[in-house]
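Data first, discussion second: the structure below is written as structure tokens.
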Amino acid sequence: MATKLFIPGPTEVAPEVLAAMSLPMMGHRSKVASELQRRISDNLRRVLLTKNEILLSTSSGTGFMEGAVRSCTAKRAAMFSVGAFGKKWYKIAKMNGVPADFFESEPGEPTTPEMVDAALSTGKYDTVCITHNETSTGIQNPFEEIAEVMKKYPDIVWCADAVSSAAGAKIETDKLGVDVLVTSTQKALALPPGMAICALSQKAYERTAKVENRGCYFDLRDIYDVIQKKDYQYTNTPCVSIMYAMDIQLQRIMQEGVENRFKRHEEMAAFVRAWADEYFGIFSNRKYLSKTLTVIKNTRGISVGDLNKELIKRGMQLGNGYGDFKEKTFRIAHMGELTMDDMRSITENIVDILGL
Ligand SMILES: *Cc1c(COP(=O)(O)O)cnc(C)c1O
């Protein structure tokens, strides 16, 4: 029996989307490849609420986080962290020799507009990287408020990690003014893992010209230039199979309607939060909770590992806490293909297994 995934990635993939992965290969320099790749970009723009160019990479999301840091930082980057994935921004800079500073919030607390303003007002930075949705703590950062601060700094390139929220939570990329919005296939987009996606603004593109060593594989400028010149074909051979799947999945998302999709995620989030309040507790500051997963405080001191073993026998699996939060928290993802019925099912099964 297949296990239904309530973990924050990889997530459930619809059968017809999986089936698309077994279609025969096509030449990635053919006219049909251009058509496929252009259709994918057009539909991704609708999901990410942007007119910016869409770039794809055959890698997981971290590839484009690295690409964003390397390609956009000409001077120095400010890295804001609210958990494990925020730390990754800083690690990427350090390991690439990109000058950067690290700004961390208390566990369960957001990156505040005041923190961003205080850092940027020093004039030291030309790039800022902020997590949109932190998968280790279940925080969605206040991007609307941060966007107000960013308006004071029109020359700074804003990179956002929306790996675990894009296509589930509503992110108004252009209205916010996010310059490089990064996501990947295996979370709220509900595709198999294997490709990274980013929306790149003209401002970010122009910045890349000022950066000498942008790397090779994740050079955002090179990818951008090649898809313009070669009609949406890529610098290297892309994973054609995931592109077939993405094409079908984006059509399914258009059928659902992007606004309906965002609403479905909000409804699932509200349900799981209410359930967590009744039986356990919520880990993070309630004003900033994620739309795509809930991190639940293990107030009863249960064994999350044992609970998951029992759930797996019943054909479902949740996420243990991330890193240091293992056993102290557990995570229920409510993203991608999952529905309200799934939320009722997992919570009822947890209550039944634990005899609550
Ligand atoms: C999963 C995740 C990543 C890493 O993405 P990969 O596709 O595994 O490289 C980065 N940031 C956040 C917030 C994530 O949830």
One residue from Val182, Val163 being near the ligand (Cβ under 10 Å from one of its atoms), under 23 Å from His334 (Cβ atoms), in the same structural domain as Gly67 (by TED's automatic domain parsing) and assigned to a strand (DSSP E or B): Val182
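For Lys151, indicate whether it is at pLDDT 95 or above and closer than 19 Å to Ala269 by Cβ. Walk me through how you get there before you give the answer.
On the way: at pLDDT 95 or above: yes; closer than 19 Å to Ala269 by Cβ: no.
When the stated conditions are applied, Lys151 does not pass them.
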Condition met for Asp225 (surrounded by 21 or more Cβ atoms within 10 Å (Cβ to Cβ) and acidic (Asp, Glu)): no
Flag for Arg39 being more than 16 Å from the ligand (Cβ to nearest atom), more than 19 Å from the chain's Cα centre (by Cα) and either at pLDDT 95 or above or charged (D, E, K, R) (or both): yes
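So if I check each of Thr347, Thr339, which one is farther than 17 Å from Gly9 by Cα, touching a helix residue (DSSP H, G or I) at 6+ places or on another chain (Cβ under 9 Å) and hydroxyl-bearing (Ser, Thr, Tyr)? Quick ask: steps written out before the conclusion?
Values: Thr339 fails: farther than 17 Å from Gly9 by Cα.
Result: Thr347 is the single residue among Thr347, Thr339 that is farther than 17 Å from Gly9 by Cα, touching a helix residue (DSSP H, G or I) at 6+ places or on another chain (Cβ under 9 Å) and hydroxyl-bearing (Ser, Thr, Tyr).
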Among the residues of the range 65-106, which ones are surrounded by fewer than 17 Cβ atoms within 10 Å (Cβ to Cβ), farther than 21 Å from Tyr153 by Cα and touching a residue at least 40 places away in the same chain (Cβ under 8 Å)? Ala84, Asn96
What number of residues within the range 248-262 satisfy the criterion of being out of contact with any helix residue (DSSP H, G or I) (no Cβ under 6 Å at 6 or more places or on another chain) and under 20 Å from Leu23 (Cα atoms)? 2
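Consider Ile156 carefully, then state whether it is within 21 Å of the chain's Cα centre (by Cα) and either within 16 Å of the ligand (Cβ to nearest atom) or aliphatic (A, V, I, L, M) (or both). Let's see the steps before the verdict.
Details: within 21 Å of the chain's Cα centre (by Cα): no; either within 16 Å of the ligand (Cβ to nearest atom) or aliphatic (A, V, I, L, M) (or both): yes.
Against the criterion (within 21 Å of the chain's Cα centre (by Cα) and either within 16 Å of the ligand (Cβ to nearest atom) or aliphatic (A, V, I, L, M) (or both)), Ile156 does not qualify.
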Which one is nearest to Gly355 (Cα to Cα), of the residues in the range 301-341 that are touching a Gly at 6+ places or on another chain (Cβ under 8 Å) and aromatic (Phe, Trp, Tyr)? Phe330
In the range 126-143, which residues are of a type in the set (D, E, K, R) and surrounded by fewer than 24 Cβ atoms within 10 Å (Cβ to Cβ)? Asp126
Ile146: in the same structural domain as Thr50 (by TED's automatic domain parsing), within 20 Å of Met254 (Cα to Cα), more than 11 Å from the ligand (Cβ to nearest atom) and surrounded by 24 or more Cβ atoms within 10 Å (Cβ to Cβ), yes or no? no
Here are Lys297, Lys230, Lys291: which of them is among the basic types (Lys, Arg), closer than 28 Å to Arg39 by Cβ, in contact (Cβ under 8 Å) with a residue 24 or more places away in the chain and not assigned by TED's automatic domain parsing to the domain that holds Ser22? Lys291
Have a look at Lys87, Lys51 and point out the one that is closer than 27 Å to Met150 by Cβ and either of a type in the set (Ser, Thr, Tyr) or within 16 Å of the ligand (Cβ to nearest atom) (or both). Lys87
Can you tell me which residues in the range 186-217 are within 16 Å of the ligand (Cβ to nearest atom) and polar (S, T, N, Q)? Gln186
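The values are calculated or read from the model by the stated rules, or taken from the named source; none is laboratory data. This structure is a prediction, so every number in the text was calculated from the model and none was measured. Counting neighbours? That spans all protein chains shown, and the Cβs are built from the backbone with ideal geometry, glycine included.
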